[in-house]
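Peer 1: Questions regarding the structure given below will be posed in turn.
The values are calculated or read from the model by the stated rules, or taken from the named source; none is laboratory data. Predicted model, so just to flag it, every value in this text is computed and none were measured. As a convention, Cβ positions derive from the backbone with ideal geometry for all residues, glycine included, and neighbour counts pool all protein chains shown. SASA here: full protein model, heavy atoms, side chains in, ligands and nucleic acids out. Shrake-Rupley method; radii C 1.70, N 1.55, O 1.52, S 1.80 Å.
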Amino acid sequence: MSFEKEIARRRTFGIISHPDAGKTTLTEKLLLFGGAIQEAGAVKNNKIKKTATSDFMEIERQRGISVATSVLAFIYNDIKINILDTPGHKDFAEDTFRTLTAVDSVIVVIDVAKGVEEQTEKLVEVCRMRNIPMLVFINKLDREGKDAFDLLDEVEQKLGLTVTPLSFPIGMGYDFKGIYNIFEKNINLFSGNNKSNIEDTIAFDDINSPELDKIIGEKVAIDLRDNLELVDGVYPKFSKEAYLDGKQQPVFFGSALNNFGVQELLDCFVQIAPSPRPKKAEERLVNANEKDFSGFVFKIHANMDPKHRDRLAFIKIVSGTFERNKPYLHVRHGKNLKFSSPNAFFAEKKEIVDISYPGDIVGLHDTGNFKIGDTLTNGEKLNYKGVPSFSPEHFRYINNADPMKSKQLYKGIDQLMDEGVAQLFTLELNGRKIIGTVGALQYEVIQYRLEHEYGAKCTYENFPVHKACWVQPESENDEFKEFKRVKSKFLAKDKRNQLVFLADSQFSLQMTQQKYPTVKLHFTSEFDT
Ligand code: G4P
């Protein structure tokens with residue numbers, strides 16, 4: 001197959017949702033349709049369970065297993081599908097944000113009864129900022145939920161999307177009969193009251209045909225026609241271009257648990273979802289079909305076995321082909337590296353591959369060369385943008401509890417930060433180190449891993465910070481100098497040596513912005529200068 005065809009047949013995407021909306025179930029059903037797994041339950045068992053919030057050992061154990069589900073790949077209708085796992089657990093939100101830098105599109109899962117929830121809002125906002133094409137799947141239609149039009153309104157308002165339904169439910173909950181597929185113009189019905197039996201698809205070009213009344217009953221048919229008329233009048237026509245530009249979001253309804261509406265979603269997805277998109281590097285825009293290889297690290301996974309300290313770095317291939325045993329430039333280090341056993345991912349296993357194409361993810365064994373955001377190329381000095389850090393929500397001083405082991409402690413901290421477990425800030429004033437995390441759980445994880453993997457011990461001390469803001473480097477004007485002098489107690493450097501202002505309250509942040517209007521503060525570590 002030609003290089004161009006290999007690119008055109010790839011779809012790399014992530015499924016995002018608030019925990020419990022049905023992401024795992026949907027993933028599993030997609031794999032079942034793709035013939036990649038034989039039975040339900042396979043992915044589910046690997047999921048970081050919601051009950052484990054206070055049991056970090058359990059989370060760590062599952063994190064180990066979850067390497068296998070980090071990338072789930074399968075072939076469907078000759079299309080190579082790569083699903084990138086995005087942890088739904090709030091404490092791992094940063095992992096999810098980073099993974100979103102490696103997807104070409106996303107599917108947003110929403111629970112029909114709960115509607116738009118907090119985590120969905122945050123994740124969709126990130127996708128919207130990056131114009132990532134999004135499909136919405138409204139799940140659990142077998143249960144009583146919100147009215148379809150109310151829900152579409154909610155999605156538009158809370159998520160700031162422009163929706164266009166490509167399918168529409170026929171009834172809901174107890175009365176849920178099936179789905180009219182607007183995209184394909186056909187009807188899918190449950191058989192009788194048994195919601196696990198699905199009848200054959202009925203092609204239905206003309207919704208006004210009296211046949212419809214016979215099949216679903218007169219009243220239901222009238223309702224459906226009214227609803228479809230409203231859909232037609234209120235929502236924009238589906239436009240593939242608008243979807244691909246991130247300006248319009250098609251919506252599907254269904255029930256992942258009952259396999260309902262999933263195939264329709266998948267069939268439409270493979271038709272309309274984008275193959276690998278061009279990616280911005282600091283230097284230029286790189287197209288997938290360029291012959292020279294380039295890719296970037298979006299995730300690093302530690303080996304859970306302390307005897308083998310190697311890690312797996314996940315690289316998204318942006319352009320060209322990645323080949324085994326060929327030297328590639330590690331741009332940040334300025335040195336060439338060769339990889340003898342790059343891993344490719346299939347359904348639930350990984351195996352060594354000789355060649356991978358844009359859109360694919362390869363897992364490279366790493367002994368400490370990589371950090372998140374690193375770029376590998378055929379030789380060109382490129383630095384991919386878009387793996388920013390966000391402000392952590394918790395901040396604590398980290399202290400060395402065993403002075404004999406300070407070397408181990410610093411090495412451990414260094415490597416855990418490269419993996420993106422948390423963020424490190426070093427105070428300008430006295431060099432003290434502060435660890436910032438998204439969830440409180442990470443502190444336990446760090447302490448445990450430092451002890452078990454590096455033989456170092458640490459303690460924490462509270463450090464009240466409201467938000468970390470990255471300071472845009474300015475020419476040293478008087479205002480900037482004054483800001484640095486007055487706020488010196490709250491200034492730190494992050495791992496990339498960028499200056500960060502640690503505001504201790506919303507009030508002090510506002511006051512600082514008012515007092516030093518020319519000092520530009522950003523809420524992520526990447527910004528256009
Ligand atoms: P998540 O990954 O987004 O967190 O959600 P997950 O798929 O684990 O689904 C959360 C719960 O919702 C699960 O039930 C799952 O069975 C259920 N679910 C998913 N899709 C549907 C659907 O279409 N209809 C209905 N009625 N339920 C659905 P659970 O009881 O928490 O877990 P389990 O015991 O079934 O594994």
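Peer 1: Quickly run through the range 320-352 and pick out the residues that are of a type in the set (D, E), outside any loop (DSSP other than H, G, I, E, B) and either out of contact with any Phe, Trp or Tyr (no Cβ under 9 Å at 6 or more places or on another chain) or modelled with pLDDT of 95 or more (or both).
Peer 2: E323
Peer 1: Every residue in the range 342-368 that is within 30 Å of Y410 (Cβ to Cβ) and surrounded by fewer than 15 Cβ atoms within 10 Å (Cβ to Cβ), please.
Peer 2: Within the range 342-368, T367, G368 meet the criteria.
Let's see how each residue does on (1) at pLDDT 75 or above; (2) assigned to a helix (DSSP H, G or I); (3) within 16 Å of the ligand (Cβ to nearest atom); (4) out of contact with any strand residue (DSSP E or B) (no Cβ under 7 Å at 6 or more places or on another chain):
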{"site": "E4", "(1), (2), (3), (4)": "yes, yes, no, yes"}
{"site": "E39", "(1), (2), (3), (4)": "no, no, yes, yes"}
{"site": "R61", "(1), (2), (3), (4)": "no, yes, no, yes"}
{"site": "K80", "(1), (2), (3), (4)": "yes, no, no, no"}
{"site": "V106", "(1), (2), (3), (4)": "yes, no, yes, no"}
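Peer 1: Okay, moving on. Which one of L285, L266, L224, L212 is open to solvent by 70 Å² or more (accessible area, probe 1.4 Å) and either of a type in the set (A, V, I, L, M) or within 16 Å of the ligand (Cβ to nearest atom) (or both)?
Peer 2: Numbers: L266 fails: open to solvent by 70 Å² or more (accessible area, probe 1.4 Å); L224 fails: open to solvent by 70 Å² or more (accessible area, probe 1.4 Å); L212 fails: open to solvent by 70 Å² or more (accessible area, probe 1.4 Å).
So the residue among L285, L266, L224, L212 that is open to solvent by 70 Å² or more (accessible area, probe 1.4 Å) and either of a type in the set (A, V, I, L, M) or within 16 Å of the ligand (Cβ to nearest atom) (or both) is L285.
Peer 1: If you don't mind, another one. Out of the residues in the range 311-330 that are of a type in the set (A, V, I, L, M) and over 19 Å from E419 (Cβ atoms), state the one that is most open to solvent (accessible area, probe 1.4 Å). I'd like the intermediate steps shown before the answer.
Peer 2: Step one: filter the range 311-330 for residues of a type in the set (A, V, I, L, M), giving 312-313, 315, 317-318, 329.
From what's left, over 19 Å from E419 (Cβ atoms): 317-318, 329.
Values: I317: 1, V318: 7, L329: 23 Å².
Top of the filtered list is L329.
Peer 1: If the requirement is being among the charged types (D, E, K, R) and in contact with a Ser or Thr (Cβ under 8 Å, 6 or more places away or on another chain), which of these qualifies: D354, D360?
Peer 2: D360
Peer 1: If Q513 satisfies all but one of (1) under 29 Å from T101 (Cα atoms); (2) open to solvent by 20 Å² or more (accessible area, probe 1.4 Å); (3) not small (G, A, S), what's the number of the condition it fails?
Peer 2: Every listed condition holds for Q513 apart from (1).
Peer 1: Name the pairs: first residue in the range 14-34 and under 14 Å from T86 (Cα atoms), second residue near the ligand (Cβ under 7 Å from one of its atoms) and hydroxyl-bearing (S, T, Y), Cβ to Cβ under 6 Å, at least 6 apart or on different chains?
Peer 2: K23/S17
Peer 1: Just to verify a result, which residue in the range 422-454, among those that are out of contact with any Ser or Thr (no Cβ under 6 Å at 6 or more places or on another chain), assigned to a loop (DSSP other than H, G, I, E, B) and not charged (D, E, K, R), is most open to solvent (accessible area, probe 1.4 Å)?
Peer 2: So, considering only residues that are out of contact with any Ser or Thr (no Cβ under 6 Å at 6 or more places or on another chain), assigned to a loop (DSSP other than H, G, I, E, B) and not charged (D, E, K, R), the one most open to solvent (accessible area, probe 1.4 Å) is N430.
Peer 1: Okay, moving on. Which one of these is under 26 Å from the mean Cα position of the chain (by Cα) and among the small types (G, A, S): A456, A440?
Peer 2: A440
Peer 1: Among the residues in the range 142-163, are any under 30 Å from G35 (Cβ atoms), surrounded by 17 or more Cβ atoms within 10 Å (Cβ to Cβ) and touching a strand residue (DSSP E or B) at 6+ places or on another chain (Cβ under 6 Å)?
Peer 2: yes
Peer 1: Could you list, in sequence order, the residues of the range 87-104 that are modelled with pLDDT of 85 or more and assigned to a loop (DSSP other than H, G, I, E, B)?
Peer 2: L100, T101, A102, V103, D104
Peer 1: Checking the condition under 28 Å from E6 (Cβ atoms), touching a residue at least 12 places away in the same chain (Cβ under 8 Å) and touching a helix residue (DSSP H, G or I) at 6+ places or on another chain (Cβ under 9 Å), which residue from Q271, Q263 passes?
Peer 2: None of the other options fit; the residue is Q263.
Peer 1: Could you check how many residues of the range 392-421 are within 23 Å of L521 (Cβ to Cβ), open to solvent by 20 Å² or more (accessible area, probe 1.4 Å) and not in a strand (DSSP E or B)?
Peer 2: Counting residues in the range 392-421 that are within 23 Å of L521 (Cβ to Cβ), open to solvent by 20 Å² or more (accessible area, probe 1.4 Å) and not in a strand (DSSP E or B) gives 1.
Peer 1: On to the next question. Filter the range 123-162 down to the residues that are within 16 Å of the ligand (Cβ to nearest atom) and of a type in the set (G, A, S) and list them by number.
Peer 2: The answer is G145, A148.
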